[in-house]
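What follows draws every value from the coordinates through simple rules; no lab data is involved. Worth saying up front: this structure is predicted, and the values here are computed from it rather than measured.
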Amino acid sequence: MENNVNGGRVLTEVQAVQMIFGLSEALAKLFLLLVKTKLVTPHMVETELKIVSQTKMAVLRVRRRLASGGHDVEIQASPGLGYWLSDDTRQDLFARIRRGQGDVSLDGGDAEAV
């Protein structure tokens, strides 16, 4: 993960998500996984992020925190399949996160990276 300077501070993607969207570190990691991945399965959340609570509850917390912060982000879900954001939403959010890190030269290609 690349660090960028923002106002004299170096911010990681997780820190930028925390700052922009007001999420805890664990929820910021989950949200970032949603932004960077086309489909997030409960297994991915448990193994990659080590979130031991139910994935459904973690996603609910992200939804509530985003809504309470005035961020209109629709996290879609399908039982047995997983969670996802629309491609346009993912691209927009990734650009916001990159700007939050201080990177103004967006190439958009990183939005597909995991």
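What the table below lists for this structure:
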quantity	calculated
Percent RCO, i.e. relative contact order, over segment 4-102, from Cα pairs under 8 Å lying at least 6 residues apart	40 percent
Estimated Rh, segment 4-102: Kirkwood, alpha-carbon pairs, angstrom	13.6 Å
Chain lengthening between Thr41 and Asp72 when straightened (0.36 nm per residue, less Cα-Cα)	9.0 nm
Karplus-derived 3J(HN,Hα), 6.51/-1.76/1.60, for each residue of segment 83-95, Hz, glycine and proline x	10, 7, 10, 4, 4, 4, 5, 4, 5, 4, 5, 4, 5
